[in-house]
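Trainee: Input: one structure, supplied below.
The values are calculated or read from the model by the stated rules, or taken from the named source; none is laboratory data. What you are looking at is a predicted structure, and each value in this text was computed from that prediction instead of being measured. Here the Cβ positions follow ideal geometry from the backbone for every residue, glycine too, while neighbour counts run over all protein chains shown. Surface areas here come from the heavy atoms of the whole protein model, side chains and all, with no ligands, DNA or RNA. Shrake-Rupley method; radii C 1.70, N 1.55, O 1.52, S 1.80 Å.
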Amino acid sequence: MHLVPPVPRLICFNKPYGVLSQFTPEGRWRGLKDFIDVPGVYVAGRLDADSEGLLLLTSDGKLQARISHPRHKMEKTYWVQVEGLPDEAALANLRRGVLLNDGPTRPAAVRSIAPPEGLWERDPPVRYRQSIPTSWLELVITEGRNRQVRRMTAAVGFPTLRLIRSAVGPYAIEGLAPGAWRGCDIGG
């Protein structure tokens, strides 16, 4: 009698603000156990507690490595609300890659966008300054350093106010409310 190994599972989760990329809560932050009750799955790539959007979890170690390891250069797409109105020079700097304290970033794909359609309110809301406008960017990177997107936008003079990962490779948060998850096909 042969034991059949379990089918690898991939979960697409729309991580709300204030939730850690781990199952155990810590301090004021909630953990994934408040949202996902599926045994044997692990995070593939991380999002800071103050970031929102797509978080992938899987029971397949090889898939986890393919998603999260920088050598695979899987694209990560972010919607970034920044303070101010970035000009073409700032966008060109992001496209070339910017110098951070831990070295230069790879070039990013970036464009100005309208506020994403169907965007949910953040809880708690973003704090705005009345005298400074905000705008949205779509930023695509192929690496994932600690707080990289926030550091990149700050390096070109436009601090991040809100950060939402909308996609990782072929996987996207489309149709997922904050705090909701669904099983995703391994092929995308």
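Trainee: Counting only protein heavy atoms and a 1.4 Å probe, tell me what percentage of the range 76-168's accessible area is made up of carbon and sulfur. Can you show the working numbers first?
Mentor: Values: 2540 of 4870 Å².
The C+S portion of the solvent-accessible surface of the range 76-168 is 52 percent.
Trainee: Have a look at the DSSP beta bridges in the range 1-127 and tell me what percent are antiparallel, nearest 5.
Mentor: Around 90 percent of the beta bridges assigned by DSSP in the range 1-127 are antiparallel ones.
Trainee: Starting from the Cα gyration tensor of the chain, multiply each eigenvalue by 5, take the square root, and state the resulting semi-axes largest first in whole Å. Walk me through the numbers before you get to the answer.
Mentor: On the way: eigenvalues 182, 75, 40 Å².
The equivalent ellipsoid of the chain has semi-axes of 30, 19, 14 Å.
Trainee: On to the next question. Less than 13 Å apart at the alpha-carbon level, and either on another chain or at least 8 residues along: which aspartates and glutamates does that give for residue 73?
Mentor: Hits, sequence-local ones excluded: 143.
Trainee: Only helical DSSP H runs with n ≥ 4 go in: add -39500 (n - 2.57) per run for the chain, normalise by residue count and round the 222 nm mean residue ellipticity to 500 deg cm²/dmol.
Mentor: Working: 3 runs with 25 residues, N = 188.
Using -39500 (n - 2.57) per qualifying helix, the result is -3500 deg cm²/dmol.
Trainee: What is the distance in Å between the Cα centroid of the range 71-129 and that of the range 133-170?
Mentor: 3
Trainee: Provide the per residue accessible area, probe 1.4 Å, for the range 76-168, rounded to a whole number of square angstrom. Write down the numbers at each step before the final one.
Mentor: On the way: 4870 Å² over 93 residues.
On a per-residue basis, the range 76-168 sits at 52 Å².
Trainee: Sticking with this one: So which trypsin sites (Lys or Arg not before Pro) in the range 60-149 end up in coil per DSSP with only 12 or fewer other C-beta atoms within 10 Å? Don't jump to the answer; show the numbers that get you there.
Mentor: Working: sites: 62, 66, 71, 73, 76, 95, 96, 111, 122, 127, 129, 145, 147; in loops: 73, 122, 127, 129, 145, 147.
Within the range 60-149, the qualifying trypsin sites (Lys or Arg not before Pro) (loop, at most 12 other Cβ atoms within 10 Å) are 73, 127, 129.
Trainee: I need the GluC sites (Glu not before Pro) found in the range 72-126, filtered to DSSP loop residues with at most 14 other beta carbons within 10 Å of theirs.
Mentor: Numbers: sites: 75, 83, 88, 117, 121; in loops: 75, 117, 121.
Sparse-neighbourhood loop GluC sites (Glu not before Pro): 75, 117, 121.
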